[in-house]
Ligand code: FES
Ligand code: FES
């Protein structure tokens, strides 16, 4: 069965995709995009997540034919100018939010989807956005920190603005410990 969809901004045409083939298998095995990780393959860990029409979607639970005509974004489609790291990816490194890195593609995509919907998310909203993606390494706080810091930069805030809000966020962070 032919499959046509948009992947990271480019139109992709694949001939003869079996009806039941999963999106994760098309991405990794047919297209060589191994940034999308296989984890549990049962829909539990969230590591295989990609964006489909901007919505975080488990590619191990999505038939490839179901993305026909839709927009798919994988971690390979997230980058800054000239292919450098995006601000979000750089923040993950800066805040120690990457250890083994296995969850990182899904976390970055979840964060990107959140920040496109909410320019100024609370820590609770950030936690909710990454809920369902398993990280065995970081304890999650650094990931929340990285996303929160990126939101602040994108919103053009600086350390002089929103002092009450900043104090509130600090309090939220203390409670997470
Ligand atoms: S590999 Fe898809 S949810 Fe775990
Ligand atoms: S950094 Fe290792 S699973 Fe998250």
Quote the relative contact order of the chain in percent (integer), defining contacts as alpha-carbon pairs under 8 Å separated by 6+ residues. 20 percent
Would you mind checking the tilt of helix 163-176 against the longest principal axis of the Cα atoms of the chain, expressed as 0 to 90 degrees and rounded to 10? 70 degrees
Determine Rg/Rh for region 96-147; Rg is computed over alpha-carbon atoms and Rh is the Kirkwood hydrodynamic estimate from the same atoms. 0.93
Taking a spot 7 Å from the Cα of residue 10 along the direction of its beta carbon, which residues of region 24-50 have an amide N less than 17 Å from it? 26-36
In degrees from 0 to 90, rounded to the nearest 10, what is the angle of the helix 141-154 Cα long axis to the longest principal axis of the chain? 90 degrees
Working only with C-alpha atoms, what are the Rg and Dmax values of region 1-82, expressed in angstrom? 11.9, 37
Based only on Cα atoms, what mean projected area does the convex hull of the chain have, in nm²? 10.4 nm²
May I ask you to order 33-40, 141-148, 93-100 by the average number of other C-beta atoms within 10 Å around their residues, highest value first? 141-148, 33-40, 93-100
Springs between alpha-carbon pairs under 10 angstrom, Gaussian network model over the chain: which of 103, 48, 137 fluctuates most? 137
Taking the chain as the reference, fit the longest principal axis to its C-alpha atoms, fit the long axis of helix 104-117 to the helix C-alpha atoms, and give the angle between the two in degrees, 0 to 90, nearest 10. 70 degrees
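A short reminder: the numbers here are calculations on the coordinates, not readings from a lab. Keep in mind it's a predicted model, so treat the numbers as computed, not measured. Ideal geometry is used to build each Cβ from the backbone, glycine not excepted, and the neighbour counts take in all protein chains shown.
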